[in-house]
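The values are calculated or read from the model by the stated rules, or taken from the named source; none is laboratory data. Quantities reported herein were computed from a predicted structural model and do not represent experimental measurements. Cβ atoms come from the backbone with ideal geometry, glycine included; neighbour counts cover every protein chain shown.
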């Protein structure tokens, strides 16, 4: 019952647990789906949090139903991404430089408060005697120690994240050099303005949802967001792959999305269409290795630039898209991949996640995409 209520609510543009609970009493369709039960918003919220991993399975089952109905062919697949706001404010983030300043400031204030408390204890002992209880933590001291603890935890997370990113970057460069038959690049610390693996002063960490990141959205504003990805089958416009990342760049998401599609459907697409955000020599190499005919934009330039000449697969992709067949094929991407995001964000009004943390946010995105697929299946059945 709870799953039916959530799927219908997400499919009709109601995402808040409080609004869902209210509509269970006023909306005829939800009253029928609820079977005369009226769970409150806390119960709905707990269900959504407790079963977030199961929503991934629900999405898979919906896609498999569409596949069994012959609606998923995977002849042509279009991939697209969009930034969706996290359940956290960018004003609850702090830069690494500011963290260090606040840490120094708070430690200094705590030392002063402790000294003042010790002095007050001596005065109390003289006035009331040594047995007087005055060991309660002063409110000002407790507030500063709590804030210092929060900042130190965020600072540690940021440092670990930057170390991990530096390690992954080294592994990626070494793998690329090995594939090209070159020696791994040497580290030159003397030429660096900033030590590798350490946060820069402007790097930020959010206190409310540490796994979200500051990203540039479609309106040109920087928001605390996640990068949501979908892969849409060209036949019946069914979303056959969905995932969420906290990496703003789309280029690193193409292969994980295709892996997800293969995991969900057990099939590999013949053609893949994607915009210039997914352009990279590594992606083109991966598409070729999987025997996938890729059509990925390489930019707006009208001619093959000198930089493309140094990248053979990018060069080949640019030439392919300049042919009549390449232009006609790539032109299909816009009306395959972009409408689902238009429906999700503009029609349903889903512009921000209700849950926090990458794992839970990914599960909520699966729920959104499952609801969209059910809407699409319902429409196809109605027209059949």
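Overview of values
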{"read-out": "Number of the exception - residue 37 against (1) out of contact with any helix residue (DSSP H, G or I) (no Cβ under 6 Å at 6 or more places or on another chain); (2) assigned to a loop (DSSP other than H, G, I, E, B); (3) in the same structural domain as residue 236 (by TED's automatic domain parsing)", "value": "(3)"}
{"read-out": "Any pair with Cβ under 6 angstrom, 6 or more apart, that starts in the stretch 100-112 at a residue that is in a helix (DSSP H, G or I) and ends at one that is surrounded by 14 or more Cβ atoms within 10 Å (Cβ to Cβ)", "value": "102/151; 103/151; 106/144; 106/148; 109/144; 110/144"}
{"read-out": "Selection count, the stretch 77-91, where residues are surrounded by fewer than 20 Cβ atoms within 10 Å (Cβ to Cβ) and outside any strand (DSSP E or B)", "value": "4"}
{"read-out": "Residue within the stretch 56-74 that is in contact with a helix residue (DSSP H, G or I) (Cβ under 6 Å, 6 or more places away or on another chain), in contact (Cβ under 8 Å) with a residue 60 or more places away in the chain, assigned by TED's automatic domain parsing to the domain that holds residue 255 and under 30 Å from residue 200 (Cα atoms) present", "value": "no"}
{"read-out": "Subset of the stretch 344-374 (residues that are buried (at least 16 other Cβ atoms within 10 Å of the Cβ) and farther than 24 Å from residue 88 by Cβ)", "value": "370, 372, 373, 374"}
{"read-out": "From 98, 143, 133, 85, residue being within 24 Å of residue 203 (Cβ to Cβ) and modelled with pLDDT under 75", "value": "98"}
{"read-out": "Counted residues, the stretch 15-67 - those being over 30 Å from the mean Cα position of the chain (by Cα) and surrounded by fewer than 15 Cβ atoms within 10 Å (Cβ to Cβ)", "value": "9"}
{"read-out": "Elements of type strands (runs of 3 or more DSSP E) in the stretch 215-285, at least 3 residues being closer than 21 Å to residue 363 by Cβ", "value": "222-233, 239-245"}
